[in-house]
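The values are calculated or read from the model by the stated rules, or taken from the named source; none is laboratory data. In this text the structure is predicted, and so the values were computed from the model without any measurement. Using ideal geometry, Cβ is built from the backbone for each residue, glycine included, and neighbour counts are taken over all protein chains shown.
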Amino acid sequence: MSKVVIIMGSKTDLDWADQISSVLAKFEIETVTRIASAHKVPLKCYNLIKEYEKENVVFITIAGMSNALSGFTDAQTHCPVIACPPYSDKFAGADLYSSIRMPSGVAPLTILSPENAALAAAKIFGLANPDIQKRVVDYQERKRKELEEADNNLVNGR
């Protein structure tokens, strides 16, 4: 079974998590959403990671500002971790550096779009699951068709 565990740094990230979950539902991938801050409750965070990694999940972490959650999660598990921090223009985007600058041996993928984070997780599962891989291919084809249709509408004045 394919499962994505979304760990949010706080409940303010729930909308971002819901966006990810809705895309994963299109691929028929189960999601579990939890709250655990690497700064405030590191032992809870660690225990969640260890609990879910037994199922060979993909983790998607959502934390803004100082994103210790993504690096912490990645450093504690053999499972793939995708950091999907909500963009904030509060610091002119500089808070993203805490998601992309990681120490050696810590390698979460960083994807800013909730839709694309879900797609990346689906592609990971698709490597071993032909049904999910087909859904990914179909999804990408729909995206191409949407683009072609938009171009045709533009050319034809619609």
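Among residues that are under 16 Å from the mean Cα position of the chain (by Cα), modelled with pLDDT under 95 and farther than 20 Å from Leu119 by Cα, Ala63 is not included. Give the residues of segment 49-80 that are surrounded by fewer than 20 Cβ atoms within 10 Å (Cβ to Cβ) and β-branched (Val, Ile, Thr), sorted by residue number. Result: Thr77, single match. So, in segment 97-132, of the ones that are within 21 Å of Thr73 (Cβ to Cβ) and free of Cβ contacts under 8 Å to residues at least 24 places away in the same chain, which residue ends up farthest from the chain's Cα centre (by Cα)? Once the filter is applied, the top-ranked residue is Ser104. If I ask for residues that are farther than 17 Å from Gln76 by Cβ, among the β-branched types (Val, Ile, Thr) and in contact with a strand residue (DSSP E or B) (Cβ under 8 Å, 6 or more places away or on another chain), which ones from segment 5-31 would you list? Matches in segment 5-31: Ile20, Ile29, Thr31. Taking the listed residues Val4, Val32, Val23, the one that is modelled with pLDDT of 95 or more, part of a strand (DSSP E or B), under 15 Å from Phe125 (Cα atoms) and of a type outside the set (Ser, Thr, Tyr) is Val4, with no other qualifying. Only one of the listed residues (Asp13, Asp18) is under 21 Å from Arg101 (Cβ atoms) and either touching a Phe, Trp or Tyr at 6+ places or on another chain (Cβ under 8 Å) or not in a loop (DSSP other than H, G, I, E, B) (or both). That residue is Asp13.
All of (1) surrounded by fewer than 24 Cβ atoms within 10 Å (Cβ to Cβ); (2) in a helix (DSSP H, G or I); (3) not small (Gly, Ala, Ser) hold for Cys45 with one exception: (1). Within segment 81-111, restricting attention to residues that are within 15 Å of Gln19 (Cα to Cα) and modelled with pLDDT of 95 or more, which residue is surrounded by the most Cβ atoms within 10 Å (Cβ to Cβ)? Taking the candidates together, the pick is Cys84.
Once segment 17-40 is narrowed to residues that are over 15 Å from the mean Cα position of the chain (by Cα) and surrounded by 14 or more Cβ atoms within 10 Å (Cβ to Cβ), the residue that is farthest from Val136 (Cα to Cα) is His39.
Yes/no per residue for (1) in contact with a helix residue (DSSP H, G or I) (Cβ under 7 Å, 6 or more places away or on another chain); (2) not charged (D, E, K, R):
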residue	(1), (2)
Asp74	no, no
Thr77	yes, yes
Pro86	yes, yes
Pro114	yes, yes
Ala121	yes, yes
Phe125	yes, yes
Lys143	no, no
Asn152	no, yes
